[in-house]
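Contents: one structure, followed by commentary.
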Amino acid sequence: DLFFLVSGKIPIWIECKSGEFRSSLPKYIILRERLKMDKANTLLFVMALSNEESSGLTAMFDVSIVNEYNFLTTVAHCLTK
């Protein structure tokens, strides 16, 4: 949904989902690899996902899966690298 460069050099890609998202994961992983982006800067924002689910899914898949509670912290981390 969003792709931008911070300071012209830090790429951040954010995809937003409000429903089923698991079937889209392979597509996002392939695109992330094709763009040569860090996992930490590739965010899949999923509403109503618990922090535990977010952490577990991020550990299992090659994208960072965030929710409305950890989104801003995750973006801030991307900006401070």
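The values are calculated or read from the model by the stated rules, or taken from the named source; none is laboratory data. Since we're looking at a predicted model, the values are computed, not measured. Glycine also receives a Cβ, built like all others from the backbone with ideal geometry; neighbour counts cover every protein chain displayed. Only protein heavy atoms, including side chains, enter the accessible area calculation; ligands, DNA and RNA are left aside. Shrake-Rupley method; radii C 1.70, N 1.55, O 1.52, S 1.80 Å.
Here are the numbers for this structure:
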| item | result |
| --- | --- |
| Pairs where the first residue, in segment 34-48, is in contact (Cβ under 8 Å) with a residue 24 or more places away in the chain and farther than 15 Å from Leu5 by Cβ and the second is open to solvent by 90 Å² or more (accessible area, probe 1.4 Å) and assigned to a loop (DSSP other than H, G, I, E, B), C-beta under 6 Å, 6+ apart | Met47/Ser18 |
| Condition met for Lys17 (free of Cβ contacts under 8 Å to residues at least 40 places away in the same chain, open to solvent by 30 Å² or more (accessible area, probe 1.4 Å) and more than 12 Å from the chain's Cα centre (by Cα)) | no |
| Subset of segment 56-66 (residues that are farther than 22 Å from Ile10 by Cβ and open to solvent by less than 60 Å² (accessible area, probe 1.4 Å)) | Gly56, Leu57 |
| Some residue of segment 35-50 being over 17 Å from Thr80 (Cα atoms), crowded, with 16+ Cβ neighbours inside 10 Å and out of contact with any Leu (no Cβ under 9 Å at 6 or more places or on another chain) | yes |
| Evaluation of Glu53 against (1) in contact (Cβ under 8 Å) with a residue 24 or more places away in the chain; (2) open to solvent by 20 Å² or more (accessible area, probe 1.4 Å) (one fails), failing number | (1) |
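Okay, residues lined up against (1) of a type outside the set (A, V, I, L, M, F, W, C); (2) closer than 15 Å to Thr74 by Cα:
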{"position": "Val6", "(1), (2)": "no, yes"}
{"position": "Ile10", "(1), (2)": "no, yes"}
{"position": "Glu20", "(1), (2)": "yes, no"}
{"position": "Ser23", "(1), (2)": "yes, no"}
{"position": "Ile29", "(1), (2)": "no, no"}
{"position": "Lys36", "(1), (2)": "yes, no"}
{"position": "Asn41", "(1), (2)": "yes, yes"}
{"position": "Phe45", "(1), (2)": "no, yes"}
{"position": "Asn51", "(1), (2)": "yes, yes"}
